[in-house]
1. Filter the stretch 157-185 down to the residues that are of a type in the set (S, T, N, Q) and surrounded by 13 or more Cβ atoms within 10 Å (Cβ to Cβ), then identify the one that is modelled with the lowest pLDDT.
2. Being basic (Lys, Arg), outside any strand (DSSP E or B), in contact with a Ser or Thr (Cβ under 7 Å, 6 or more places away or on another chain) and open to solvent by 70 Å² or more (accessible area, probe 1.4 Å): is that true of residue 58 here?
3. Looking at the structure I just gave you, is residue 53 touching a Pro at 6+ places or on another chain (Cβ under 7 Å), modelled with pLDDT of 90 or more and surrounded by fewer than 18 Cβ atoms within 10 Å (Cβ to Cβ)?
4. Can you tell which of 20, 74 is within 28 Å of residue 159 (Cβ to Cβ), in a strand (DSSP E or B), out of contact with any Ser or Thr (no Cβ under 6 Å at 6 or more places or on another chain) and polar (S, T, N, Q)?
5. Look at the stretch 88-124 and say how many of its residues are in a loop (DSSP other than H, G, I, E, B) and either open to solvent by 40 Å² or more (accessible area, probe 1.4 Å) or out of contact with any strand residue (DSSP E or B) (no Cβ under 7 Å at 6 or more places or on another chain) (or both).
6. Test residue 17 against the criterion of being within 22 Å of residue 109 (Cα to Cα), surrounded by fewer than 17 Cβ atoms within 10 Å (Cβ to Cβ) and among the hydrophobic types (A, V, I, L, M, F, W, C), and give yes or no.
7. Is there any pair with a first residue in the stretch 68-81 that is farther than 12 Å from residue 52 by Cβ and open to solvent by less than 30 Å² (accessible area, probe 1.4 Å) and a second that is in a loop (DSSP other than H, G, I, E, B) and among the aliphatic types (A, V, I, L, M) whose Cβ atoms are under 8 Å apart and which are 6 or more apart or on different chains, and what are they?
Amino acid sequence: DKIIVMGPPRLSPDNNLVLTQGWDENRIEEENYRGGIYTIELSSGNVSQINAKEDVSRSFSNEWSKDGKFIFYTSNNQIIKHEISTGEEHIIYSNEKLGMPVIRRSFGGNNLIFDVQMNDTLKHLKSISVNGGNEELLAKFNTSRTPLMFRKLTLSPDGKYIYLSVDDSESGSILWRVPSGGGEP
């Protein structure tokens, strides 16, 4: 299979698979095909589609659980937890402002970190347990609506900081650093 990769690839915890959203070139002409979430085996190049229940055509950010048994993806203003072995899914976060966030697993692996564009000039960086519950506000940013392809979210190797790149109408591209527990960006 040839996959047109549409989202940033995520390496599995065991370093054997890559998780990505994309389009299977052999299925693009299918009437109801809207892309999918795929794993690619690094040793062989074999591609497998994860049978997500929700529409993933605009889910450009995916993440693994720390044990590799689950993936997380976004769809229709929700963050969804998908169990790979059973296909069972649970909504762990829902918010009409969510849009298309970038989601990343926290350093310890027990939370997901994601961004929410609250309005034209305000972005929130939030955290939520991988099992759902109440979200925690980590930081607020004054920024414009940065296109997904320019928005990146990563953690420092020691887990002390979260880095978020965004666009700002006055300053251009900005890289923010936030303490991983939240605080002043």
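1. Out of the qualifying residues, it is 165.
2. In short, no.
3. When the stated conditions are applied, residue 53 does not pass them.
4. 20
5. So the first thing to find is which residues in the stretch 88-124 are in a loop (DSSP other than H, G, I, E, B), and the list is 88, 95-102, 106-110, 118-121.
From the residues that got through so far, the ones that are either open to solvent by 40 Å² or more (accessible area, probe 1.4 Å) or out of contact with any strand residue (DSSP E or B) (no Cβ under 7 Å at 6 or more places or on another chain) (or both) too are 88, 96-97, 100, 107-110, 118-121.
So the answer is 12.
6. For residue 17, the condition - within 22 Å of residue 109 (Cα to Cα), surrounded by fewer than 17 Cβ atoms within 10 Å (Cβ to Cβ) and among the hydrophobic types (A, V, I, L, M, F, W, C) - is not met.
7. 68/84; 79/98
The values are calculated or read from the model by the stated rules, or taken from the named source; none is laboratory data. This is a predicted model, so every value here is computed, not measured. As a convention, Cβ positions derive from the backbone with ideal geometry for all residues, glycine included, and neighbour counts pool all protein chains shown. Just so you know, the surface numbers come from the protein's heavy atoms only, side chains and all, with ligands and any DNA or RNA stripped out. Shrake-Rupley method; radii C 1.70, N 1.55, O 1.52, S 1.80 Å.
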